[in-house]
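Nothing in this text is a laboratory measurement; each read-out follows from the coordinates by a stated rule. Keep in mind the model is a prediction, meaning the values are calculated, not measured. Note that we place each Cβ from the backbone using ideal geometry, even for glycine, and neighbour counts take in every protein chain shown.
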Amino acid sequence: MDRTIITDILKHEAEAVMNIPVTDSFDKAVEMIHHHVHELGGKIIMSGMGKAGQIAINMSTTFSSTGSPAIFLHPAEAQHGDLGVMQKNDIMVLISNSGKTREIVELIDLARNLYEKVPIIVITGNPDSLLADEADVVLATGSPKEVCALGLTPTTSTTVMTVIGDILVVMLMKKIGFTSAEYAKRHHGGYLGNVSRKQAGKSIDN
């Protein structure tokens, strides 16, 4: 086993995470999500194509399990009726590394045709893209080079997208004061459900 290759990959990924631009956009994104979800009663609509779509799915389930209702909307299926899941006070979080993904650009037009003022947060490696221009808030990934040997396969880019999602989730949890008791209500089964119930019990006892 060539440990040098493994070490180099780990360094590359770690540097990419540390180079994510830390800007006021994170605060703005959290404020927008909080306002629309926790004050107006809307939900987060996540979307992305391909590998970015897989990240969006993960983010939507993580938001939901931590007190902020979210769903994944496939951008292609949205054109065939699934856009109907959108409601007045919802907010969209769209992911595209290139900022040019045709289905995501089209989704913005479709969404705003349904609700003209729907707020849009974009996570992208191209803050100068058409998609970024259409967004209310842009969260830039830092556009890291892919660790893939060909420089093509979404690898490092999806790593930083995932981390940006984690940042939003944790910041929002802190903002709403999300507790172990609330977590347990949403996550009854498995190891995490058991741990959260025990933690909630300790909090009540204290």
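For region 88-150 versus region 1-36, the inter-centroid distance based on Cα atoms is 17 Å. Among the lysines of the chain, pairs at least eight places apart or on separate chains and with Cα atoms under 21 Å apart come to 21. Residues considered: 135, 184, 52. Largest GNM mean-square fluctuation over the chain, using C-alpha springs under 10 Å, is found at 184.
Run the numbers for residue 80 and residue 110: contour at 0.36 nm per residue of separation, minus the present Cα-Cα distance, in nm. Before the final figure, lay out the partial values.
Working: separation 30, 0.36 × 30 = 10.80 nm, distance 1.10 nm.
Extending this stretch completely gives an extra 9.7 nm.
Working out 0.36 nm times the residue gap between residue 166 and residue 100, then minus their Cα-Cα distance, what length gain in nm do you get to one decimal?
Details: separation 66, 0.36 × 66 = 23.76 nm, distance 2.37 nm.
Stretched fully, the residue 166-residue 100 segment lengthens by 21.4 nm.
Extending 7 Å from Cα along the Cβ direction at residue 88 and again at residue 117 yields two label points whose distance is 1.1 nm.
Do the sum for the chain: with -39,500 (n - 2.57) for every DSSP H run of n ≥ 4, divided by all residues, what is the mean residue ellipticity at 222 nm, to the nearest 500 deg cm²/dmol?
Working: 9 runs with 107 residues, N = 206.
My calculation for the chain gives -16000 deg cm²/dmol from helical runs alone.
Pick from 42, 50, 81 the residue whose mean-square fluctuation is largest in a GNM of the chain, springs joining Cα atoms under 10 Å. Top of the fluctuation ranking is 81. Full extension of the chain segment joining residue 12 with residue 51 gains 12.1 nm, where the gain is 0.36 nm per residue of separation less the Cα-Cα distance.
Here the spin labels are modelled as points 7 Å beyond Cα on the Cα-Cβ line, and at residue 130 and residue 149 they lie 3.5 nm apart.
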